[in-house]
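Trainee: Just passing along the structure, written as structure tokens.
Each value in this text was obtained by applying a stated rule to the coordinates, not by laboratory testing. Everything numeric here is computed off the predicted structure, so don't read it as measured data. In this analysis, Cβ positions are derived from the backbone assuming ideal geometry, glycine residues included, and neighbour counts consider all displayed protein chains.
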Amino acid sequence: MTKYKKNSLIVNAFQFTETDKIKVYRWAKEIQYNIEPSYRNGKPVIIVPTPEGEMICGIDDWLIEESLPDGQKKIYPLNPEIFDKTFKPINSGVFDSNKYFKPINN
């Protein structure tokens, strides 16, 4: 996982890609229990409920983890163009894929 900075706001973020969709979903689900995987137009998406209504995270969108002043965290999606204009990486963290991707034993 890489940390990103927006002005003085530092967030964790993952890009929801075809390759990492399961890992990203599991990461986000640990933070916000009510997100759900789904499909729109035959493509995988993550549905993110918010007080303003459902937001959709599609392939190549970013999921942002933001810490709130009360200590809680929220997840919200952002399209790649806005993400690239808004956030700059501040480190190159290592993502432990084994934490979120568990093989299925048959």
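Trainee: Check F83 against each of (1) among the aromatic types (F, W, Y); (2) surrounded by 14 or more Cβ atoms within 10 Å (Cβ to Cβ); (3) part of a strand (DSSP E or B) and name the one condition it does not meet.
Mentor: The failed condition is (3).
Trainee: Also, quick follow-up: Name the single residue, out of those in the stretch 1-20 being touching a strand residue (DSSP E or B) at 6+ places or on another chain (Cβ under 8 Å) and in a loop (DSSP other than H, G, I, E, B), that is farthest from D61 (Cα to Cα).
Mentor: Taking the candidates together, the pick is M1.
Trainee: Would you be able to tell me the number of residues in the stretch 7-58 that are on the phi > 0 side of the Ramachandran plot and among the polar types (S, T, N, Q)? Working first, answer last.
Mentor: The initial filter retains those residues of the stretch 7-58 that are on the phi > 0 side of the Ramachandran plot, namely 7, 41-42, 53.
Filter once more, keeping what is among the polar types (S, T, N, Q): 7, 41.
Of the residues in that region, 2 qualify.
Trainee: Being more than 13 Å from the chain's Cα centre (by Cα) and either in contact (Cβ under 8 Å) with a residue 24 or more places away in the chain or in a strand (DSSP E or B) (or both): is that true of K23 here?
Mentor: Here the answer is no, as K23 does not meet what is asked.
Trainee: Being in contact with a Pro (Cβ under 7 Å, 6 or more places away or on another chain) and in a strand (DSSP E or B) is the filter here; which residues of the stretch 26-41 pass it?
Mentor: The one that is in contact with a Pro (Cβ under 7 Å, 6 or more places away or on another chain) and in a strand (DSSP E or B): P37.
Trainee: Next question. With the requirement that a residue be more than 19 Å from D84 (Cα to Cα), crowded, with 18+ Cβ neighbours inside 10 Å and in contact with a Ser or Thr (Cβ under 9 Å, 6 or more places away or on another chain), what does the stretch 1-59 give you?
Mentor: Passing the criteria: K23, V45, I46.
Trainee: Sticking with this structure for a sec: Could you list, in sequence order, all residues of the stretch 42-62 that are assigned to a strand (DSSP E or B) and in contact with a Pro (Cβ under 9 Å, 6 or more places away or on another chain)? So that I can check it myself, show each step before the final result.
Mentor: Within the stretch 42-62, the subset assigned to a strand (DSSP E or B) is 43-50, 53-58, 62.
Within the stretch 42-62, P44, V45, I46, I47, V48, M55, I56, C57, G58, W62 qualify.
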